[in-house]
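Trainee: Pasting in a structure now, in C-alpha cells, and then I'll have a few things to ask.
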Amino acid sequence: IKTISELFKTLALKPAAPDKLQFKPDVKLLDRMSLFQGDITKLDVDAIVNAANRSLLGGGGVDGAIHAAAGPKLLDECRGLNGCLTGESKITKGYRLPARHVIHTVGPVYSRHNVEECAQQLASCYRTSLELAVENAVRHIAFPSISTGIYSYPIEDATRIALNTARTYLESESGGKLERVIFVVWSNKDKGVYEKLIPEYFPDK
Ligand code: ADP
C-alpha cells in the first residue's frame, strides 16, 4: 500500500519547450499533482476514481480490479445508485480498499465520428469527479486513465484532457481543500505520455 508521503515525491520532469507553454508556471500547482505507475486499488488515499460503465455494476479493466479489491459490499451499494450517465460521476464508500471512497465516473466510448462530444464527456468525467471530491472533503484523489482502455480513447488526447481539466480545477479551487490530484498509469507507454505532457500543463518555470 502506497502511503501519501511516498506519492509526494517530487516528479523529475523535463521542462516544456517555451513555444508549447499555454499555462503560467506555478510551482504551488505542480506541488498539488503526482504521477504514479501501478495498481490504483493499492493506494491509501481519500478517494480513487473508477472508470465505470453506465450500469455501475462492474466490468473489466480497472473497474473489475476495484470491485475485486473492495469486495461485494461495493456492488451492493452500486446497485442502489441506478446507474450513471456518460460524463457524470457518483460516490460510494471504499469498503475493503485502502481508499475511503470510490468515485465512479463513466467515460465515453471513443468514436472518431464524434470527437468533440467525446472530449466534452471525458472532461466532464474529470470535472464532476473533482467536484464530488471537494463536496465530500476528499483531500487526495487518484485517477486512472479514463476511457483509454476498453473504451479506446487515444492516450495522448485523453491525457491532455485529464491534465487540462485538473489544472483548471485546481486553479479555481484556491481554497486548497483538495490537496492533491494523483494520475495513475498502468503501462510504460502511458507513463511516457504523461511525463511528456505534464510540463505543458504544469510548467515549473
Ligand atoms: P475504460 O473502459 O474507461 O477504457 P479500462 O479499465 O479498460 O477503462 O482502462 C482504463 C485504464 O486503466 C487503462 O489505461 C488500463 O491500463 C488502466 N488500468 C487497468 N487496471 C488498472 C489498475 N488496477 N490500476 C490502475 N490502472 C489500471
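Trainee: Can you put Lys93, Lys24 in order of Cβ neighbours within 10 angstrom, beginning with the fewest?
Mentor: Neighbour counts put them in this order, fewest first: Lys24, Lys93.
Trainee: Counting only DSSP beta bridges with both residues in the chain, tell me the antiparallel percent, nearest 5.
Mentor: DSSP beta bridges in the chain are roughly 20 percent antiparallel.
Trainee: If you don't mind, there's one more thing I want to ask. Asp39 to Lys93: extension gain in nm, 0.36 nm per residue of separation minus the Cα-Cα distance?
Mentor: Extending this stretch completely gives an extra 17.6 nm.
Trainee: Mind putting a number on the dipole of the stretch 49-165 about its Cα centre? Charges go on the C-beta only, +1 for Lys and Arg and -1 for Asp and Glu, and I need it in Debye to the nearest 20.
Mentor: Using only the charged Cβ atoms, the result is roughly 380 debye.
Trainee: From the alpha carbon gyration tensor of the stretch 83-145, can you work out the equivalent ellipsoid semi-axes (sqrt of 5 times each eigenvalue) and give them in Å, largest to smallest?
Mentor: One finds semi-axes of 24, 11, 10 Å for the stretch 83-145.
Trainee: Can you tell me the Rg and the Dmax, both Å, for the Cα atoms in the chain?
Mentor: Cα radius of gyration and Dmax of the chain are 15.9, 50 Å respectively.
Trainee: Next up: Quick one: which residues, 5+ away or cross-chain, put their amide H under 5 Å from the amide H of Gln37? H built at 1.01 Å from N.
Mentor: Val185
Trainee: May I pose another question? Name the residues whose placed amide hydrogens come within less than 5 Å of the amide hydrogen of Ala142, ignoring near sequence neighbours (fewer than 5 apart) on the same chain.
Mentor: Amide H neighbours of Ala142, under 5 Å, 5+ apart: Ala47, Ile48, Val49, Ile182.
Trainee: Picking from Asn164, Asn82, Asn114, which is most flexible by a Gaussian network model of the chain using Cα springs under 10 Å?
Mentor: Maximum fluctuation in the GNM of the chain, among the listed residues, is at Asn114.
Trainee: From the cross-link list Lys90/Lys196; Lys24/Lys205; Lys42/Lys189, which pairs have alpha carbons spaced over 19 Å apart?
Mentor: Exceeds cut-off: Lys90/Lys196; Lys42/Lys189.
Trainee: Projecting each Cα onto the charge dipole of the chain (Lys/Arg +1, Asp/Glu -1 at the beta carbon, about the Cα centre), which of Ala70, Pro25, Leu132 comes out farthest on the positive side?
Mentor: Final value for the positive-end residue is Ala70.
Trainee: Per residue of the chain, what 222 nm ellipticity follows from adding -39500 (n - 2.57) for every DSSP H run with n ≥ 4, rounded to the nearest 500?
Mentor: -12000 deg cm²/dmol
Trainee: Let me ask something else about it. From the backbone phi of the stretch 81-94, what are the Karplus-calculated ³J(HN,Hα) couplings (6.51 cos²θ - 1.76 cosθ + 1.60, θ = phi - 60°) in whole Hz, Gly and Pro given as x?
Mentor: Residue by residue, the stretch 81-94 yields 8, 6, x, 7, 7, 4, x, 10, 9, 9, 10, 9, 6, x Hz.
No lab work stands behind these numbers, since they all come straight from the coordinates. Here the structure is a predicted model, which means the values were calculated and not measured. Cβ sites come from the backbone with ideal geometry, for glycine too, and all protein chains shown count toward neighbours.
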